[in-house]
Amino acid sequence: MIREKAALVAGLGAIVCSTLLYAQAPATPPRQRAPGPWRFAGTQPCVNPEGGVLQCPPAPRAVAVRAGRLFDSISGRMLTKQVVLVMGERITEVGPEGQVRIPAGVQVIDLSQATVLPGLIDTHSHMYNTRRPGWTTERSTLIAIQNAQADLQAGFTAARDMGSHGNGYGDVDIRNAINWGDIDGPRFQVAGRGIAWGAKPADPAVAPDPLTSIVVRSVEDARAAVREHVARGVDWIKLYPTGGYSFSPTGEAQYVLMYPLPVLQALIDETHVLGRKAACHAFGGEGLQYTITAGCDSVEHAYGLTQAQANMIVQKGLVFDPTLVRYTEPYMDDNDAKNTGGKYRMIPIFEKAVSMAAATRGLRIMAGSGADGSTFPHGTQALEFEWLATRAGMGSLRAIQSGTIVNAEAMGWQDQIGSITKGKLADLVAVSGDPLADITELQRVKFVMKGGKVVRNDLASPATNGSR
C-alpha cells in the first residue's frame, strides 16, 4: 500500500507541475485523470493541481445562443438576429441566423428578445474587504469569495484585483481556485499586497506585517519587493505614488508625494523586466507626473490630471482608469466640507479631469469601479458605465467598449475575451433592453455565461434544437 501511494503521489506531482504552468491563463485547465490503475475508492477520478482527487467534470457540450440583438464591441455596431455557437468553453461560430446553422440536438438558449454582450470586465476591484479587528483569515476569505461571486452574478466575467487590503497574497489563491474550477467567480488578474513607500527608517522593534503592503525605502528595496510579488504569482504590481490630498488656504489642491522618482522608476523597470505590468494609485501633483514619466502601465484615479499629462499618457501608450463613481460618492463632499469649512470640493475637479480625458484623442479609458466592500458594494459596478457615459461625456457606446474590449486589451487578454468572436472564451451577458439607448440596462443583467457555463438565466428557458 505504501508503494502504491508513493507512485500515486509521484504521478500527481507531475500533473500538478504541468497544470500550474497554466494557473494564470484565463481558460480553465482541463482536469487530468488520476494515474492508473486506480486501486482506491470508486471509479478512477480526476486530480486537482494540489494533488487531491475529485470527480471528473462532464464532457464538453455544444450550446447555441439566439441573440435578438448582439453588441459587437470591436466595431461598435449593434447587430440583430444573431446566433452564437459554443463548444465547451469557446465560441465556435458567430453570425446571422440565416448563415449559422444550429446542429440538430444542440441545446438552444433563446435570447431573441434580449441584447447579448461580451462578459463585462472591471479593471479596478478589491475582492477582499479591508480586514477588521477580530477577523480571521478564513472569515476574510469567505467574504472575498462572496464578493467575487456577486460580481459574476452581475455580469462581470473578468476583473483586475488591485490589492488584497491586508490579506497578503490571498487573492492569488482565489484567482487560482477560480481558474482551476474549484469555485465560481470572474477570471481575475491580481496584485497581491501592493508596495508602499516608507519615508522613515524601519523600527527594528516592530516586525513587518506579512499581510499588509510591503514597505520600501530605497531602490534596492523596491526591486526586491517586485521580485517577491512575482515569485508569489501576481499578475500586476500595485504602486502608490501619491498619498492623500488637501486644499491650500487659497483652494489649490495639494497631493502627498510618496516615492522619489528613482525609486518609482526602479519599481516599474523591475516590473517590466519580470514580465508584469504596474498600476499606479496617483491622485495628482508630482506623484501623478512621476507616474506618467516613469511609464506606469495604468494610471489609477488621477483627480488632478492635466491636458499635458493626458497627452503624455497617449504618447507613452499607457491607459487611464479613473474609477469615477468611487471618488464622486457623497462622502467626498462630506470630508471636504469638514476639512475646508465648505469652501472647496474635489469632486468637480475630478469630474473635469475625467471629462477632459474622455475628449482627448487616442486616450484609452478603462472601466474600473474601485468596488471594495466598504463604500461601493460588489455586484453594483455597472454604475461605472452610467457615470462614464453621462458625467464623463463618453456616451454609451464608448463606455461599453471601455468595459469590454478596451479593458481586455489593457489586461493583455484581448485574444481571449472582450468581444463575441470565434475562438474566444464564451463569456456572454444579456439584458432585456438596449444599453446603447439606456446605459442603465447594464445594471440589470439577466443572463450570464462564463466559459460556456450558464451562471444565471432570468430571461429564457433552454430548449433543444429539435423543440424550437
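Coordinate-derived values only; no laboratory data. Bear in mind the structure is a predicted one, so any value in this text is a computation, not a measurement. Quick reminder, even Gly has a Cβ in these numbers, built from the backbone with ideal geometry, and neighbours come from all protein chains shown.
Observations
- Calculated FRET value between GLN307 and ALA27, using beta carbons and R₀ = 41 Å, to 0.05: 0.50
- Modelled label reach - GLN146, point 7 Å along Cα→Cβ, the range 375-414 residues with backbone N closer than 20 Å: 375-382
- Inter-label distance, ARG444 to VAL256: 4.3 nm, where each label sits 7 Å from its Cα along the C-beta direction.
- Relative contact order [Cα under 8 Å, 6+ residues apart], the chain, whole percent: 18 percent
- For VAL273 and GLU138, the difference between the fully extended length at 0.36 nm per residue and the C-alpha to C-alpha distance is 45.1 nm.
- FRET E, pair ALA437, ARG217, Förster distance 51 Å, beta-carbon r, rounded to 0.05: 0.45
- For the range 420-458 versus the range 111-180, the spacing of their alpha-carbon centroids is 18 Å.
- Charge dipole of the range 62-196 (Cα centre as origin; +1 on each Lys and Arg Cβ, -1 on each Asp and Glu Cβ, all else neutral): 220 debye, rounded to the nearest 20.
- Scattering from the range 327-468 was approximated by placing one identical point on each alpha carbon and applying the Debye formula without solvent; log10 I(q)/I(0) at 0.10, 0.12, 0.20 1/Å stands at -0.45, -0.62, -1.34.
- Residue pairs exceeding 31 angstrom between C-alpha atoms, taken from LYS200/LYS343; LYS277/LYS446; LYS81/LYS450; LYS200/LYS277; LYS422/LYS446: LYS200/LYS343; LYS277/LYS446.
- Summary value for the range 95-218: 23 percent relative contact order, contacts being C-alpha pairs under 8 angstrom separated by 6+ residues.
- In summary, the convex hull built on the alpha carbon positions of the range 265-376 has an orientation-averaged projected area of 7.7 nm².
- Mean projected area of the Cα convex hull of the range 374-444, taken over all directions, amounts to 5.5 nm².
- Our estimate of slack between LYS422 and GLN44, defined as 0.36 nm per intervening residue step minus the Cα-Cα distance, is 132.6 nm.
- Using distinct alpha-carbon pairs, which all enter the 1/r mean, Kirkwood radius of the chain in Å: 23.6 Å
- For the range 345-468, relative contact order (Cα pairs under 8 Å, six or more residues apart, normalised by length) works out to 18 percent.
- Computed E for VAL206/ARG361 - FRET, C-beta separation, R0 45 angstrom, nearest 0.05: 0.35
- When the Cα positions of ASN311, ALA392, PRO377 are compared along the charge dipole of the range 311-434, ASN311 comes out farthest toward the positive end, with charges on each C-beta of Lys, Arg, Asp and Glu.
- Partner aspartates and glutamates whose Cα lies under 20 Å from the Cα of LYS316, excluding those fewer than 8 positions away in the same chain, are identified as ASP269, GLU270, GLU286, ASP297, GLU300, GLU409.
- Among LEU211, GLN149, ALA196 the positive-end extreme of the charge dipole of the chain (Cβ point charges): GLN149
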